[in-house]
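Let me begin by presenting the structure, written as structure tokens, before commenting on it.
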Amino acid sequence: AVNSSSGLVTLKQTGDSLVVAIAPDGAVSGKGGLEFTADLARASELATAWTGQRPAQEVRSGRAAGRISFDQEAQSTRLTGGVELSSLTVGRALNNEAVRITFDAASPDAFKSLDAKATVASSFATADVSGVKLALGGGALETVRSATIDLRSEDLAKVDALLKAGADINAIDLG
């Protein structure tokens, strides 16, 4: 298990083992699972420090708790899991909200692409995301090759606040 003394993040192996292998050509394969938690307000502050840009909407509070499972299949790895966002307060539009996200994805062992689907559910919106095809290795806008999003919401101001809470991920330089 990995725990930060500040409570920013925790990681814990699930099951008997977790094996994630990265081959010299960049191919990724794995088997096992992880559970994680994160303090969303502090993570947002960290993203702002990395990018030097403040998000359009401030994440004032929130916790993420989730799991991800890696299942090695013939010539590919399947990733399944979900995350629950709780006590989420963003700007003035979101106050103590909860959001549940589940996903199912598969990537060939070369890890150059990813096919996925996801569902998002909250008190203010639901979304089904299907037909997701990603080309891995580029910036966010270069990565998405296709996706269909069916969004239903009675409160688009809350959806807008949630979308604007993220940092510009293209501005993050990890290299």
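The values are calculated or read from the model by the stated rules, or taken from the named source; none is laboratory data. The structure displayed is predicted, hence computed values, not measured ones. Positions of Cβ are backbone-derived with ideal geometry, glycine not excepted, and every protein chain shown enters the neighbour counts. Please note that ligands, DNA and RNA were not included when accessible areas were found on the heavy atoms of the full protein model with its side chains. Shrake-Rupley method; radii C 1.70, N 1.55, O 1.52, S 1.80 Å.
For segment 49-61, the candidate set comprises residues that are polar (S, T, N, Q) and out of contact with any strand residue (DSSP E or B) (no Cβ under 9 Å at 6 or more places or on another chain); within that set, the residue that is most open to solvent (accessible area, probe 1.4 Å) is 53.
Name the single residue, out of those in segment 119-169 being open to solvent by 80 Å² or more (accessible area, probe 1.4 Å) and in a helix (DSSP H, G or I), that is modelled with the highest pLDDT. This residue is 156. Within segment 62-97, the set of residues being open to solvent by 40 Å² or more (accessible area, probe 1.4 Å), over 15 Å from the mean Cα position of the chain (by Cα) and closer than 23 Å to residue 163 by Cα comprises 87, 92, 95, 96.
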